[in-house]
Amino acid sequence: MKPLTITSRLEVYESIDEIPQDVQDLMQKAIDVREHAYAPYSRFKVGAAILLENEEVVVGSNQENASYPSGLCAERTAIYAAGAKFPNSRILKIAITAKSLRHKVVSPVPPCGACRQAMVEYEVKQEDAIELYFMGETGKVVKAESIKDLLPLVFDNSCL
């Protein structure tokens, strides 16, 4: 037996005011689109904004459905739209924010496992890291230099 140690390095900022201005602008786009989330069941709204190498910003919000598995998270809504509209443009940064209509979300909300898998697929495809920033409604912002910091044991095409 040989032990395997996995470590991830994340940066935690006390507030949105501490992150670089370009990321603040990207996060503001995520905050704005978060309000367009269709979340009548969970009452949990999420917004995502993606900055592409061609300087385009693609946004997405979660879209629920009475048949729960049919809905889609904000992150996948945005990343699939970016992949469809700009298939040859690298993804540089993703900003994610979440808000509950039941209580104030003050802790950073990371992407779910399915969204991590979808995002890492694009990171592997472009052979370059994607910066990820995530927060709640207010409060701290977490930065990951790569999606692989949140999903270190990647299931990708090399596994097939």
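The values are calculated or read from the model by the stated rules, or taken from the named source; none is laboratory data. Note that the structure is predicted; figures quoted are calculated from it, not measured. Here the Cβ positions follow ideal geometry from the backbone for every residue, glycine too, while neighbour counts run over all protein chains shown. Calculation scope for accessible area: heavy atoms of the full protein, side chains included, ligands and nucleic acids excluded. Shrake-Rupley method; radii C 1.70, N 1.55, O 1.52, S 1.80 Å.
Here are a few things to note about the model shown:
- Filter result for ILE19 (surrounded by 14 or more Cβ atoms within 10 Å (Cβ to Cβ) and closer than 20 Å to LYS148 by Cβ): no
- Those residues of region 87-109 which are more than 18 Å from GLU35 (Cα to Cα), part of a loop (DSSP other than H, G, I, E, B) and either open to solvent by less than 40 Å² (accessible area, probe 1.4 Å) or touching a residue at least 40 places away in the same chain (Cβ under 8 Å) (or both), in sequence order: SER89
- One residue stands out in region 123-160 among those that are under 30 Å from HIS103 (Cβ atoms) and in a helix (DSSP H, G or I): the one that is most open to solvent (accessible area, probe 1.4 Å), namely ASP149.
- For region 110-119, the set of residues classified as aliphatic (A, V, I, L, M) and either open to solvent by less than 40 Å² (accessible area, probe 1.4 Å) or more than 17 Å from the chain's Cα centre (by Cα) (or both) consists of ALA118, MET119, listed by residue number.
- When restricted to residues that are of a type outside the set (S, T, N, Q), touching a strand residue (DSSP E or B) at 6+ places or on another chain (Cβ under 7 Å) and modelled with pLDDT of 95 or more, region 39-84 contains 25.
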